[in-house]
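Enquirer: First the structure, which I've put down as structure tokens, then a few questions once you've had a look.
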Amino acid sequence: MYKLKQEKIEELVKRATKSLYNYCKENSLHFLVTGSSGGLDSAITLGLAERACKLAEAENYKLVSVGLIMPCHSKDDAERLGRAAIEKFHAHEIKIDLSDVYDFIENKYLSPIETSVLAIRREAGLAPDDQTLAWDEKIVHGNIKARSRMMLGTYNVARLLGSGLVLSTDNQSECWMAFWTHHGDVGDFGMIQELLKGLELFDVARFLEVPAEIVAAKPDDGLAIAGGDEDQLGATYPNLDTIMISLIQKGFDVDGSREQLKPLPVIEGFDQKVVENLARRCLNGAHKRRGCLNLSRKELGVEDFKEIVL
């Protein structure tokens, strides 16, 4: 079974922290801002941030790590574990309780908006069944929590610090599944964006000495959408990574056509329905990975800037 060797972990940690430090120095950035959710990814990010700060200290460059705890009707364990990571990796803590903010938004705005949107879907003949509608609303509510953390938390604090950089805590497994919130939980600098949650990050966490309770905790986005990440994704992270890598090695294009689903390669040792669900979710999320699609001047049929006669 695939496993990162110790020397590989040491090398990637060294490269990640050196790249972060160099980026900050080149751009006159002095504060690293991480949302500390109590999960594995944010704890690893705080651990890498601490090492970057130590590199900076050795070269007399001021670089400070700041960890944000942002409860929003979150489980008590999330705050406790988030604080444990901040303390372990010697970051400054700021707590921003967003529960009242979310309650205000939900009570004042969400209900009438949802009513109007449902009317539009019905008029278009695309109204969902009750179960699908309830799920859509649950996802929206979770997205609002994530975007509130960005707006009132990470980016607000980074700007108030004057020279702050928001660190991204997303990983490759989530990227494949489009399991993040646009304008919500993506930062300015990602060190673990292309690392596998199930097959790599747990070993990186142990190398960094992330608190054992965080490593052992059930993965959860803290948005109260379902009973944790695995419930939403339909697979454990190690299985998800193994299936996706197997599909890619068999020619699957994660940003390709849905025609690939008919039929998918069989992945030995896994329920084919699980394989199909993950592949479908991956393809359905391709537009999120691409980001905003901007038509070029050529596609619009207008002159290139160099050809404009003023």
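Bear in mind these aren't lab numbers, they're just calculated from the coordinates by the rules spelled out. All values derive from a computational prediction rather than experimental measurement. A quick note on method: Cβ atoms are made from the backbone with ideal geometry, for glycine too, and the neighbour counts reach across all protein chains shown.
Enquirer: What does the convex hull of the Cα atoms come to per residue for region 76-175, in Å³?
Expert: Output value, Cα hull per residue: 172 Å³.
Enquirer: How much of the DSSP beta bridge set in the chain is antiparallel, as a percent to the nearest 5?
Expert: 0 percent
Enquirer: Same structure, new question: Going by the alpha-carbon gyration tensor, a ≥ b ≥ c the square roots of its eigenvalues, is region 166-245 rounded (a/c under 1.5) or, if a/c is not under 1.5, prolate (a/b greater than b/c) versus oblate?
Expert: Note, shape of region 166-245 comes out rounded.
Enquirer: Would you tally the net charge around Gly285, using a Cβ to Cβ cut-off of less than 11 Å, leaving Gly285 out, and scoring K and R as +1, D and E as -1?
Expert: +3
Enquirer: Pairs to check: Lys54/Lys197; Lys218/Lys262; Lys5/Lys262; Lys18/Lys288; Lys54/Lys138. Give those whose C-alpha atoms are more than 32 Å from each other in this structure.
Expert: Violating the 32 Å limit, Cα to Cα: Lys218/Lys262; Lys5/Lys262; Lys54/Lys138.
Enquirer: Taking only the alpha-carbon atoms of region 234-292, what semi-axes of the equivalent ellipsoid follow from 5 times the gyration tensor eigenvalues under a square root, in whole Å, largest first?
Expert: Over the Cα atoms of region 234-292, the ellipsoid semi-axes are 19, 13, 10 Å.
Enquirer: Find how many whole Å separate the alpha carbon centroid of region 102-127 from the alpha carbon centroid of region 2-53.
Expert: Comparing the Cα centres of region 2-53 and region 102-127, I get a distance of 40 Å.
Enquirer: What's the ranking of 243-255, 108-120 by average number of surrounding C-beta atoms within 10 Å, highest first?
Expert: Highest to lowest by the protection proxy: 243-255, 108-120.
Enquirer: Need one number: the % of Cα-Cα pairs in the chain sitting beyond the 35 Å mark.
Expert: 28 percent
Enquirer: Positive end of the dipole of the chain, charges at C-beta (+1 Lys, Arg; -1 Asp, Glu), about the Cα centre: which of Val140, Gly190, Thr34 has its Cα farthest in that direction?
Expert: Gly190
Enquirer: Ranked from highest to lowest mean number of other Cβ atoms within 10 Å per residue, what is the order of the peptides 14-23, 194-203, 56-65, 296-305?
Expert: In descending order of packing, they fall as 194-203, 14-23, 56-65, 296-305.
Enquirer: Also, quick follow-up: Based on the Cα gyration tensor of region 160-310, what are the three equivalent ellipsoid semi-axes, each the root of five times an eigenvalue, rounded to whole Å and given largest first?
Expert: Equivalent ellipsoid of region 160-310: 32, 25, 13 Å, largest first.
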